[in-house]
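**Q** Below you will find the structure I want to go over with you.
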Amino acid sequence: MDQPLLRIQNLSVSFGDTPAVQNASLKLARGTTLGLVGESGSGKSVTALAVVRLLAPGAKIVGGSIRFDGQELTTAPESTLRDLRGVRIGMVFQEPMTSLNPLHVIEKQIGEILEIHGMASAQARRARTLELLKEVGLQNAEARMGAYPHELSGGQRQRVMIAMALANNPDLLIADEPTTALDVTIQAQILDLLRDLQKRHGMAILFITHDLGLVKRMADEVAVMRGGSVVETGPTAEIFANPQHEYTKMLLAAEPQGDPPPADTSAPEVLSADNLRVWFPIKSGLFRRVTSYVKAVDGVSISLRKGQTLAVVGESGSGKTTLGLALLRLIRSEGPILYLGQNIDTLGANKMRPLRKKLQIVFQDPYGSLSPRLSVAEIVEEGLIVQDRGLSADERRKLVARALADTGLDPATMDRYPHEFSGGQRQRIAIARALALDPDVIVLDEPTSALDRSVQAQIVDLLRALQDRRSLSYLFISHDLKVVKALASEIIVLRDGKAVEQGTAAEIFANPRAKYTQDLFAAAFDL
């Protein structure tokens, strides 16, 4: 038999004295896909980073072997690794905002990879960049080539990362949660794209994910990791039909359960907007005159009631996040916004400040929203320092500990820094920061997208319990319709800044009227 393209044997990686991967063994044949599955902190990403020797400072390989196409990588010189990275081995990282350079446009970043590895012609680089962006389904690809990362949505940024990884047609693609930030229809497109590229180029894929639905659809073989060790491997069909390890059985059973509270139209209105608009001007010409507008939110009306969850659903770029930011007065908008009957869209910064304690947000990208220079305790207590000046340091620390415990984190870890936590743990820190201020309304912008399924279920249960206990109101922005179904009482479906359908969750899930909503549901529940 031909040797595997990638063979990992008894790999061990440590962060100082703390083991992160212990005696892990994997193999990946040419032209096949290996799904590497496990919860946050299981060692999946560390194993992948070890392959290309891009481990974080302080981490080191302490044992085992990594062979790529017969060549040992654990002892290979840096020059050999540079020749492999981005050419024979491509990688899609989990958090695109931290991987893309905020100072350069998309065209330059993709073109740089092509230039480093031999494409000298600027015209050829531009053509290849445009081809890649179209392949990964980026809308208005030619216009987007001149965009900076902050001008793209989370899903759009992830698609750019995938384009960069595929730029030089690698033999091995390491995809670390490549569809985490993407809505369900684009998830399906990306999976189809990866499979098509795999067939055409014979590319092997190491597909790292917490979503077992994607693994079932994508992978030929599955390896399950827990606590840094591989606990079960085998063909995908066998693992799903007859899992042997208890941990694998738990992962397969993990889905958000239960039903949300029914929509209560008699509950008092907490936050509302009427015909809300957020238009971004497009300027051109020598004098930079406004020639058109990007209508990110175009005439949307919403009503969020006390103790209820309103889910905002739609594809990347549909205006979901922009709507949430506008409602909290974090970006400019037109149209009345009412909080507890008070018109807040005309309030200045000073008058809005006292209200911000009660209007909180959890951002989509926790790594980008958590300061790397502050400890977890300092991050969570930041709002308390601003809003509750009378609290002592000990009182703030107790509130921080309570918020962390509420989100399933050990309060004893509060003096650690964000980089010491997994992606899922960082998202829980972001949720704890919002909860610490005891708000009335929380805008949750994809709060479970970075979490594995078992933790998603825990967070859904937590959010429901907190809502019941504190009568919280959630504006829940998500592309994960399984989570929406478990949490939302009402739904509004956005497309290109407009509401195409809205109503109670029970009605919309039972009988979606708009073709766009039907397509979203079909993609979500067929995956």
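**Q** Region 292-363 to region 221-242: how many Å between their Cα centroids?
**A** 43
**Q** Using the Cα centre as the reference, give the magnitude of the dipole from point charges on the C-beta atoms of region 159-289 (Lys, Arg: +1; Asp, Glu: -1; all else neutral), rounded to the nearest 20 debye.
**A** Numbers: 12 positive and 17 negative charges, 181 e Å.
About 880 debye.
**Q** Once each part is reduced to its C-alpha centroid, what is the distance from region 68-115 to region 401-469 in angstrom?
**A** Using only Cα atoms to place each centre, the spacing works out to 32 Å.
**Q** Would you be so kind as to identify which of THR80, LEU193, ASN343 lies farthest towards the positive end of the dipole of the chain, taking Lys and Arg as +1 and Asp and Glu as -1 on Cβ and the Cα centre as origin?
**A** Of the listed residues, the answer is ASN343.
**Q** Each label point is 7 Å from the Cα along the Cα-to-Cβ direction; what then is the distance between the points at ILE116 and PHE287, in nm?
**A** Using points 7 Å along Cα→Cβ, the separation is 4.5 nm.
**Q** Nothing charged except the Cβ atoms of Lys and Arg (+1) and of Asp and Glu (-1): what's the magnitude of the dipole of region 366-438 about its Cα centre? Round to the nearest 20 debye.
**A** Result for region 366-438 is approximately 140 debye, rounded to the nearest 20.
**Q** If you take every DSSP beta bridge fully contained in the chain, what fraction is antiparallel? Give it as a percent rounded to 5.
**A** The antiparallel fraction comes to roughly 55 percent.
**Q** VAL52: net charge of surrounding residues, Cβ under 12 Å, Lys/Arg +1, Asp/Glu -1, itself excluded?
**A** That sum, taken over residues with Cβ under 12 Å, equals +1.
**Q** Where Lys and Arg each count +1 and Asp and Glu each count -1, what net charge lies around GLY319 among other residues with Cβ under 12 Å from its Cβ?
**A** Around GLY319, the surrounding residues sum to +2.
**Q** Follow-up question, since we're still on this one. To the nearest 20 Debye, how big is the dipole of region 104-169 about its Cα centre, given +1 on the beta carbon of each Lys and Arg and -1 on that of each Asp and Glu?
**A** Using only the charged Cβ atoms, the result is roughly 60 debye.
**Q** On to the next question. Which one of SER303, ALA522, VAL224 has its Cα pushed farthest toward the positive end of the charge dipole of the chain, where Lys and Arg give +1 and Asp and Glu give -1 at the Cβ?
**A** About the Cα centre, the residue reaching furthest to the positive side is SER303.
**Q** Within region 184-209, find all residues whose amide N lies under 14 Å from a label point positioned 7 Å from the Cα of ASN169 along Cα-to-beta-carbon.
**A** 197-204
**Q** Please report, in cubic angstrom per residue, the volume enclosed by the convex hull of the alpha-carbon atoms of region 104-169.
**A** 71
**Q** Now, a different point. So for each of 482-495, 4-17, 384-397 I average, over its residues, the number of other beta carbons within 10 Å; can you give me the resulting order with the highest mean first?
**A** On the way: 482-495: 23.9, 4-17: 17.5, 384-397: 12.8.
Most protected by this proxy first, the peptides run 482-495, 4-17, 384-397.
**Q** When the helices in the chain are scored as -39500 (n - 2.57) per DSSP H run of 4 or longer and the sum is shared across all residues, what 222 nm value do you end up with, to the nearest 500 deg cm²/dmol?
**A** Per the formula, -10500 deg cm²/dmol.
**Q** What's the extension gain from ASP196 to GLU72 if we count 0.36 nm per residue and subtract their Cα-Cα distance?
**A** Going from the current span to full extension adds 41.7 nm.
**Q** So if R0 is 30 Å, what FRET efficiency would GLN342 and ARG469 give, r being the distance between their Cβ atoms, rounded to the nearest 0.05?
**A** 0.75
**Q** Still on this structure, I have one more. Peptides 82-92, 265-275: what's the order by average Cβ count within 10 Å, highest mean first? Before the final figure, lay out each step's value.
**A** On the way: 82-92: 19.6, 265-275: 15.6.
Per-residue mean Cβ counts within 10 Å order the peptides as 82-92, 265-275.
We did not get these values from a lab; they are worked out from the coordinates using the rules stated. Small disclaimer: the values here were computed from a predicted structure and weren't measured. Please note: Cβ atoms are built from the backbone with ideal geometry, for glycine as well, and neighbour counts cover all protein chains shown.
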